[in-house]
1. So which residues in the range 1-54 are among the charged types (D, E, K, R) and at pLDDT 85 or above, if there are any at all?
2. How many residues, within the range 147-183, are over 18 Å from ALA207 (Cα atoms), of a type outside the set (Phe, Trp, Tyr) and assigned to a helix (DSSP H, G or I)?
3. Out of PHE217, PHE200, PHE152, which single residue is aromatic (Phe, Trp, Tyr), more than 17 Å from the chain's Cα centre (by Cα) and farther than 27 Å from PHE107 by Cβ?
4. Give the range 262-294 a look and list any residue that's at pLDDT 75 or above, surrounded by 12 or more Cβ atoms within 10 Å (Cβ to Cβ) and not in a helix (DSSP H, G or I), or say none.
5. Go through GLY370, GLY380 for me and flag whichever is modelled with pLDDT under 85, touching a helix residue (DSSP H, G or I) at 6+ places or on another chain (Cβ under 7 Å) and at positive phi.
6. All but one of (1) surrounded by 18 or more Cβ atoms within 10 Å (Cβ to Cβ); (2) modelled with pLDDT under 85; (3) out of contact with any Leu (no Cβ under 9 Å at 6 or more places or on another chain) hold for LEU84, so report the exception by its number.
7. Does LYS5 satisfy being among the basic types (Lys, Arg), in contact (Cβ under 8 Å) with a residue 12 or more places away in the chain and assigned to a helix (DSSP H, G or I)?
8. Look at ALA344 and say whether it is modelled with pLDDT of 85 or more, assigned to a loop (DSSP other than H, G, I, E, B), out of contact with any Leu (no Cβ under 6 Å at 6 or more places or on another chain) and of a type in the set (A, V, I, L, M, F, W, C).
Amino acid sequence: MTTEKLSKKNWFLITLFCFIGGIAWNTENMYFNTFLYNSVYGNASEAAMAGAMPPELAVANMVALSAVAAVLTSFIMGTLSDKLKNRRLFISVGYILWGLVTAMFGFITKENTARLFGLSDEAAILTWTVWIVILMDILMTFMGSTSNDAAFQAWVTDVTPAGRRAGVETVLSVVGTVSALAVTGVGSFAQAGTISYRVFFMGLGFAVTVCGVAGLFLIKDPPRTVREAASGSGYLSDLVYGFRPSVIKNNPRLYLALSAFGLSVVGFQVFFPYLLVYLQYVVLPDNGGVANLLRPSVIVTAVAVIGLIITAVLLLLRHASKNKKLFLASSAVLMTAGLFLLSASTDIHVILIGVLPVVVGNAIINILLGAAIKDFIPAGKAGQFQGIRMIFAVLIPMVVGPYLGGLASGNDPRTYPNELGVDTPVPSKNMFLVAAVVCALVLIPMFFLLKKGVDVPFETAALPEATDE
């Protein structure tokens, strides 16, 4: 086992940029959807709804196009960051622009669209506004994928010794969860109308921009990045490196880990884009509203589930890297079982209990397979493989998952009336059943991966140089 350690400064930067990046990504993944439902479609007339795309299709289109943008950006900018030997600039400038684009969402309204394009037809105004949101989401994805997916993830691979990667992935997972909870806490006020979406988007965008400015002064590329990036191959050759049959043949564990990881994310994306809308318009009404959720039995169940999740995370921190086969073999089973439970009922007690295996199973997969993917990437190719990683982590899941969730929900006739009384479709608990079936398929590539082994011998691992920064 390596004795190399991450410096305190790099630990701080990994935590900071993961947390702030998580805020931006979770704002996009969770609240752009509710923004469409509540703000853009929320007060639309029946004529406008009839002439525009349905909200569930708008969400699916936004998620899919964003995924395509994320993958293309990661390929182009990740490889470019390898060539230019400067991840610091990509991360910092990217975060600055990422925050500015996020803030701009606060100014997207149907009224502004009508004034900007001189429109008067309600259906046209709604349609143009929806597409403005989608196109701005693509622009935000470009900034986020450049700075976070392409540059930051490659930088983490560069500065982390191989023996520390499982621990770093655990921290990234925990910090990512905390950022999601932070966004959910603040975003719930926007979703409920307590604060405006403009204030919400501008506040979070400001935090991301400030983080990017700090990165200009704090982030440094390790010497190894500069040396190994100086290859004689051309940019276009590097761009398609990960697609070469010889590369795939020589790195079977990398592609098996990517396949297992990708299937798990597909399962997650079946329900995740619709989750907050499902909670707002299905779970809350079925359980008697917010006031009824404060009864003792619900509070006790919620506290117990939170306690068990924290305990599980602590166990992961201590034992996951030492028992990878055991933890990985159980992860897909746990997540699948939890999703089946979520598909069985809208009762809040069942949902809280079902959340436990889903969260824990998903955390195991993210931590151990995330670390394995970094371990199996050929030395000096971290930037080039971010695009390949994004195909499995983003493109396939975010194109396939939301459409599967939409199809599952489309069989449910349940709707809710918007502010003008127009019936609007809502997500169905059937989406969890589809997600469970997808997650069960994770066991196929995981079986072959475990058979080949998930540990990387220390002497063959791609190690960054130690740093005293």
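1. Of everything in the range 1-54, those that are among the charged types (D, E, K, R) and at pLDDT 85 or above turn out to be LYS8, LYS9.
2. Residues meeting the conditions: 22.
3. PHE217
4. Once the filter is applied, which keeps residues that are at pLDDT 75 or above, surrounded by 12 or more Cβ atoms within 10 Å (Cβ to Cβ) and not in a helix (DSSP H, G or I), the range 262-294 yields only ASN287.
5. After ruling out the rest, the residue left standing is GLY380.
6. Going through (1) surrounded by 18 or more Cβ atoms within 10 Å (Cβ to Cβ); (2) modelled with pLDDT under 85; (3) out of contact with any Leu (no Cβ under 9 Å at 6 or more places or on another chain) one by one, LEU84 breaks only (1).
7. So LYS5 does not fit the description; no.
8. yes
The values are calculated or read from the model by the stated rules, or taken from the named source; none is laboratory data. Being a predicted model, the structure only gives us computed values, none of them experimental. Note: ideal-geometry Cβ built from the backbone for every residue, glycine included; neighbour counts use all protein chains shown.
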